[in-house]
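For reference, the structure is listed below as structure tokens.
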Amino acid sequence: MEALLVPLLILVFAGVAVVLAARAVGRRRPAARPDEAPQPIRNSAELARTAAAKLDQEQHRRLYALIAQGQAMAAIKLYLEATGEGLRASRDAVGALAAHPQPYRPRQAPEQPAHDDDEDAPQRFPYRYRAIASKGEITREVSSNMLNDEIYGRIRTLARSGDTEGAAAALTRHSDISLKQAREFIALLEE
């Protein structure tokens, strides 16, 4: 009996080693390919908003029609063709769009920053700028969210160089005051 105990123990240890090795191999994840960047994990509502923004109005309408008809594979194929994303990303996007329906929102054109005084519509800033001019006992103030240091500096330069009409016109364009009030303000800037 003792002669069988040693081979039996070896057999048990070999079996345990095989089971542990199989578990270790099963838990390993396949290595990521170098051309695939890891995708950040996002919640499905955010993914739905992002996915809907990538579609034009007709694609958006057709995709939701396919989702409503229960044609998930056709919806995934449509999304894949419309965006050029991979199959897994398209599947996730369509799933998120089905779970969190999104209204169509047209793409907004990028805003052009206003840097030139000659533009018709000056840029509005999120704050109100206060320009104050005084001479002796007279003080005038202009408060506007279309003024900043750069624009006010150009207006002062125009006024001090003798172009009072140009300075007054620029000031009225970048504030809500009349031309008469702008001329009075500019007169206080001249030296």
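Where a number appears in this text, it was derived from the coordinates with a stated rule and is not lab data. Bear in mind that the values here come from a model prediction, so they are computed numbers and not experimental data. Because the Cβ atoms are built from the backbone with ideal geometry, glycine has one as well, and the counts that use them run over all protein chains shown.
Side notes on the structure shown:
- Between T139 and D163, the FRET efficiency from the beta-carbon distance, with R0 = 30 Å, is close to 0.85.
- Cα-based reach from K135 at 29 Å (exclusive), listing lysines while leaving out same-chain residues under 8 positions away: K180
- Fully extending the segment from V25 to I132 would add 31.0 nm, taking 0.36 nm per residue of separation and subtracting the current Cα-Cα distance.
- Reachable lysines from K54, criterion Cα separation under 21 angstrom, eight or more residues apart if same chain: K77
- Separation of the A17 and R105 label points, Cα + 7 Å toward Cβ, nm: 6.1
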